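Below is one structure. I have some questions about it.
The values are calculated or read from the model by the stated rules, or taken from the named source; none is laboratory data. Only a predicted model underlies this, so the values are computations on that prediction, with no experimental measurement involved. Reconstructed Cβ throughout: ideal geometry from the backbone, glycine too, with neighbour counts over all protein chains shown.
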Amino acid sequence: MMRAILTGSAIAILLAVAVGLTLPSAREPAYRAFSASSVRVDEPGENLVGHSWETSRLRREF
Amino acid sequence: MARMKFLCDADRCIECNACVTACKNEHDVPWGINRRRVITLNDGKLGERSISMACMHCEDAPCAAVCPVDCFYRTEDGVVLHSKDMCIGCGYCFYACPFGAPQYPQVGNFGSRGKMDKCTFCAGGPEEDSTADEYRKYGRNRLAEGKLPLCAEMCSTKSLLAGDGEMIAQIYRERVRQRGYGSGAWGWRTAYRSDIAV
Amino acid sequence: MRIAPRGRLFPILGMLILLFLALPVTAQPSGQVNPTAAAQQERQLLQEMQKLEGRITLPQRQAAVLEQPQGRQYQDVHERLLPWSGAIIILSLIAVLAAFYLVKGRLGRDVKDSGRKIERFNFLERANHWMTATCFIVLALTGLNYIFGKRLIMSLVGPDGFATWSQWAKYAHNFFSWPFMVGILVMILLWLRDNLPNRYDWEWLKSGGGIFGRGNPDAARFNAGQKLFFWAVVLGGIWLSATGLLLLFPFVWVDINGMQVAQYMHAGMGILLIAVILSHIYIGTIGMKGAYDAMGDGKVDLAWAQHHHRIWVDERRSRQTDSEQPARPASQAGE
């Protein structure tokens, strides 16, 4: 009776988690997308936006 | 209490981008995040005008209205600030902002666009004034030190004005009277729903 | 005319050259130069163009927009139109369903069970249905959270708790959207054929599906009401997927005003589809006797099937060989 419901929601959760683990790595950081290819004297910097602020937190909480 | 506003006198702006650089340096802004930027209209044509634009700290701020977690607040100086601890990186504030002020560390929207960053009128954030934590999240708090935003302070042509709305409007009015022309207070009607009558 | 002496020729030539060079300047009105002669006021520019866009040295296309007053419209739609229309549509639909239940009660309760079961949905169909349903419930709740969360639950859980919940709700909304899109596609593959219009549909609609009107209209595997629901889910799902992809990839395909419109269309269709699904949940559970079994364990009572989907039962019988249904009465075989 419940087999289809459980299977269905399990597949949904599995797919969502799989997408959640793979797609965020496809995001492009703003420091790469919105900076010109001029002189590089330093790292992009992480003040104000944090060093991958929410991805590190996400990894911790998973 | 003062009502802090920005005013860019487009007839004086020479597109030197020093305001952008000063802002970057003062708050240690990372690459790709542009709290302030200079846009040139009619580039290379007659009537070319450059305008330095950042968060205008609007009246009835659209970003604050559409935020799904209500992370924005207004200081007693009328500065619109937000809490990065609450921000979920949805990007709505950028769609609502008439001036393109909100910036995000991530371009795609899978999961989150990261913690939104924008001009704070050099007034920090909800953290304790002038603390390391505040600097890390929102940059330097010059207002707490009794100073005005650095972009306007160091503007070489005094095109960019920052300060109490009444006072900078008066300065602009006098300028327009003296020189006989002026292209208007850019963005004021959208941001503050009032214009400077000259 | 006397020829000028040699010593005076060069100054005259020089003056001529100067005059020639100065011609374009002196052709303009003399006097004080007005540097704003061709400069427009911000007000004029905004009247002519919908938004002010210029050139910028940053490699970021949307940063070149100086001013887009449409942000104020976005604020109005997002904070007035959407919450009000959303609340009115969803609450009035719940009220209509409650009134319907009070007046009509449970539909089909007079149909007596025959005790024999036939399969209506196979395991793949059911698993995909519940997969999509799980996604939809997650997407609907987290989607409503964007609009109503701060109005309803923020004061209950506190700002910080609400922000944490909303962050996770946003992850869920973004990530469950992908299996939802897969589910919609599989639904199209599985059920499209049986949901094409046929000759029974018009009769079914004219008699109000047997709920409001006369008699008990015939229907094949899906009646016209179910077909309308299928098409609402499929077309609404495609609409939500398309606008949702625009929002997942900001500024890849459209500019700032396009993003705003995508958000209006996504949220508006989301509210409509939530209303549609609420009525689907109603009719599939408490609204009609026997309806849940079809998607629950996939087997429905034969009497239920004959009452609601007579043509489907008949077609099914004529397709199957006698070996599967040995107890079939001979009188019904020829139909």
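Among (1) farther than 30 Å from C:L139 by Cα; (2) in contact (Cβ under 8 Å) with a residue 12 or more places away in the chain, there is one condition A:D42 misses while meeting the rest; what is its number?
A:D42 satisfies all of (1) farther than 30 Å from C:L139 by Cα; (2) in contact (Cβ under 8 Å) with a residue 12 or more places away in the chain except (2).
Restricting to the stretch B:154-198, and then to whatever is of a type in the set (F, W, Y) and out of contact with any Cys (no Cβ under 9 Å at 6 or more places or on another chain), can you tell me which residue is surrounded by the most Cβ atoms within 10 Å (Cβ to Cβ)?
Taking the candidates together, the pick is B:W188.
Name the helices (runs of 4 or more DSSP H) wholly within the stretch C:144-250 that hold at least 1 residues that are away from chain B (no Cβ under 14 Å) and hydroxyl-bearing (S, T, Y)?
Those helices (runs of 4 or more DSSP H) span C:200-206, C:224-248.
Taking the stated definitions as given, is B:M86 within 14 Å of chain A (Cβ to nearest Cβ) and among the hydrophobic types (A, V, I, L, M, F, W, C)?
Yes: the conditions hold for B:M86.
Looking at C:L139, is it part of a helix (DSSP H, G or I) and within 13 Å of chain A (Cβ to nearest Cβ)? Working first, answer last.
Numbers: part of a helix (DSSP H, G or I): yes; within 13 Å of chain A (Cβ to nearest Cβ): yes.
Yes, satisfied.
Tally time: how many residues in the stretch B:126-158 are among the small types (G, A, S), assigned to a loop (DSSP other than H, G, I, E, B) and under 14 Å from the mean Cα position of the chain (by Cα)? Don't jump to the end; show me each part of the working.
The first filter runs over the stretch B:126-158 and keeps only residues among the small types (G, A, S), leaving B:130, B:132, B:139, B:144, B:146, B:152, B:156.
Keeping just the survivors that are assigned to a loop (DSSP other than H, G, I, E, B) gives B:130, B:139, B:146, B:156.
Next, from what is left, pick out any that are under 14 Å from the mean Cα position of the chain (by Cα): B:139.
Summing the residues that are among the small types (G, A, S), assigned to a loop (DSSP other than H, G, I, E, B) and under 14 Å from the mean Cα position of the chain (by Cα) in the stretch B:126-158 gives 1.
Can you pull out every residue in the stretch B:97-137 that is within 7 Å of another protein chain (Cβ to nearest Cβ) and small (G, A, S)?
B:G100, B:G108, B:G111, B:S112, B:G114, listed by residue number.
What number of residues within the stretch C:197-235 satisfy the criterion of being in contact (Cβ under 8 Å) with a residue 24 or more places away in the chain and under 27 Å from C:L302 (Cβ atoms)? Don't jump to the end; show me each part of the working.
Residues of the stretch C:197-235 in contact (Cβ under 8 Å) with a residue 24 or more places away in the chain: C:197, C:200-201, C:211, C:216, C:218-224, C:226-227, C:229-234.
Filter once more, keeping what is under 27 Å from C:L302 (Cβ atoms): C:197, C:200-201, C:211, C:216, C:218-224, C:226-227, C:229-230.
Going through the stretch C:197-235 one residue at a time, the tally reaches 16.
Using the structure shown, decide if B:S112 is modelled with pLDDT under 95 and surrounded by fewer than 24 Cβ atoms within 10 Å (Cβ to Cβ). Step through it out loud before you land on a result.
Numbers: modelled with pLDDT under 95: yes; surrounded by fewer than 24 Cβ atoms within 10 Å (Cβ to Cβ): no.
No, not satisfied.
Within the stretch C:263-293, can you find the residues that are within 14 Å of chain A (Cβ to nearest Cβ) and either part of a helix (DSSP H, G or I) or touching a Cys at 6+ places or on another chain (Cβ under 7 Å) (or both)?
C:I281, C:G284, C:Y292, C:D293
Residues of the stretch C:216-273 being under 8 Å from the mean Cα position of the chain (by Cα) and acidic (D, E), which ones?
Those that are under 8 Å from the mean Cα position of the chain (by Cα) and acidic (D, E): none in the stretch C:216-273.
Also, quick follow-up: Please enumerate the residues belonging to the stretch B:9-40 that are small (G, A, S) and away from chain A (no Cβ under 14 Å). Break it down stepwise before answering.
Kept after step one, since they are small (G, A, S), are these residues of the stretch B:9-40: B:10, B:18, B:22, B:32.
Matches in the stretch B:9-40: B:A10, B:A18, B:A22.
Ok, one more. Which pairs do you get when a residue that is among the small types (G, A, S), found in the stretch B:135-156, comes within reach of a residue that is crowded, with 18+ Cβ neighbours inside 10 Å and in a strand (DSSP E or B), reach meaning Cβ atoms under 8 angstrom, with the pair 6+ apart or on two chains?
B:A144/B:A123; B:A152/B:F6; B:A152/B:L160; B:A152/B:L161; B:A152/B:A162; B:A152/B:G163
Sticking with this one: Would a scan of the stretch C:62-79 turn up a residue that is surrounded by fewer than 20 Cβ atoms within 10 Å (Cβ to Cβ) and closer than 20 Å to C:A291 by Cα?
No, the stretch C:62-79 has no match at all.
How many residues are surrounded by 22 or more Cβ atoms within 10 Å (Cβ to Cβ) and not aromatic (F, W, Y) if we restrict to the stretch C:174-183?
4
Being within 14 Å of chain C (Cβ to nearest Cβ) and closer than 20 Å to B:M1 by Cβ is the requirement here; does B:Y181 meet it?
Criteria not met by B:Y181.
Which is at pLDDT below 95 and surrounded by fewer than 24 Cβ atoms within 10 Å (Cβ to Cβ), of B:V20, B:V29?
Checking each option against the conditions leaves just B:V29.
Looking at the stretch A:1-40 only, could you name the residues that are of a type outside the set (A, V, I, L, M), closer than 23 Å to B:K115 by Cα and more than 8 Å from chain C (Cβ to nearest Cβ)?
A:T22, A:P24, A:S25, A:R27, A:E28, A:P29, A:Y31, A:R32, listed by residue number.
Residue check: is B:G187 within 11 Å of another protein chain (Cβ to nearest Cβ), under 26 Å from B:C71 (Cβ atoms) and touching a helix residue (DSSP H, G or I) at 6+ places or on another chain (Cβ under 9 Å)?
Judged against the criteria, B:G187 is a match.
Restricting to the stretch C:294-305, name every residue that is in a helix (DSSP H, G or I) and surrounded by fewer than 18 Cβ atoms within 10 Å (Cβ to Cβ).
C:L302, C:A303
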